Amino acid sequence: MLDPAVAGGGRDHGRARAREVSPLRLIYILASALFAMIGAVPALAATVTDGDFEVKTTQNLLHLCTVSPEDPRYREALHFCHGYLVGAYHYYLATLAGPNAKPLVCPPNPPPTRNDVISGFIVWARGHPQYLSEAPVETEFRYLTETWPCKR
């Protein structure tokens with residue numbers, strides 16, 4: 001007859017097994033921690049201010065575009081963000097109506113969705129903090145021309 005400790009049935013083996021974490025359990029633990037951290041981010045986000053709605057800087061615009069859903073002015077801020085960025089782009093499109101117009105931005109066909117472009121702008125602007133104090137329209141077109149340059 002085999003010794004239970006040698007055969008894997010002893011107490012020491014049971015304790016070792018209790019300390020092991022299965023890969024699925026580990027993924028579950030890590031995912032839970034990640035979702036807990038993501039849930040804490042809105043609580044850390046600054047509340048938008050009246051000054052942010054003046055959009056004097058790219059930082060102001062980013063505050064509006066990344067507003068927490070718990071912010072009392074969430075809808076206004078998010079709609080302002082979208083309206084600002086779309087309005088600037090539509091103005092740019094209107095400037096292309098002339099016979100000698102040369103486009104600066106050449107998006108793919110089919111073009112990306114508005115939400116995809118705005119999400120991309122947010123990521124890009126955060127990755128280029130040197131432009132946060134500049135006029136938001138300048139930063140928007142830096143992003144657009146870098147992301148979808150036209151072939152010359």
In the stretch 59-113, residue nearest to Glu138 (Cα to Cα) [restricted to those that are without any contact (Cβ under 8 Å) to a residue 12 or more places away in the chain and among the small types (Gly, Ala, Ser)]: Gly87
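Yes or no: Tyr91 assigned by TED's automatic domain parsing to the domain that holds Asp52, surrounded by fewer than 11 Cβ atoms within 10 Å (Cβ to Cβ) and among the aromatic types (Phe, Trp, Tyr)?
Working: assigned by TED's automatic domain parsing to the domain that holds Asp52: yes; surrounded by fewer than 11 Cβ atoms within 10 Å (Cβ to Cβ): yes; among the aromatic types (Phe, Trp, Tyr): yes.
Yes.
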Where His82 falls short, out of the listed (1) touching a Phe, Trp or Tyr at 6+ places or on another chain (Cβ under 7 Å); (2) assigned to a helix (DSSP H, G or I): (1)
Tell me yes or no: at least one residue of the stretch 76-94 is at pLDDT 95 or above, of a type in the set (Asp, Glu) and over 19 Å from Gly51 (Cβ atoms). no
Taking the criterion of being assigned to a loop (DSSP other than H, G, I, E, B), modelled with pLDDT of 95 or more and of a type in the set (Asp, Glu), would at least one residue in the stretch 45-56 satisfy it? yes
Flag if Leu96 is aliphatic (A, V, I, L, M) and in contact with a helix residue (DSSP H, G or I) (Cβ under 7 Å, 6 or more places away or on another chain): no
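The values are calculated or read from the model by the stated rules, or taken from the named source; none is laboratory data. Note that this is a predicted model, so its numbers are computed, not measured. Glycine gets a Cβ as well: all are built from the backbone with ideal geometry, and neighbour counts include every protein chain shown.
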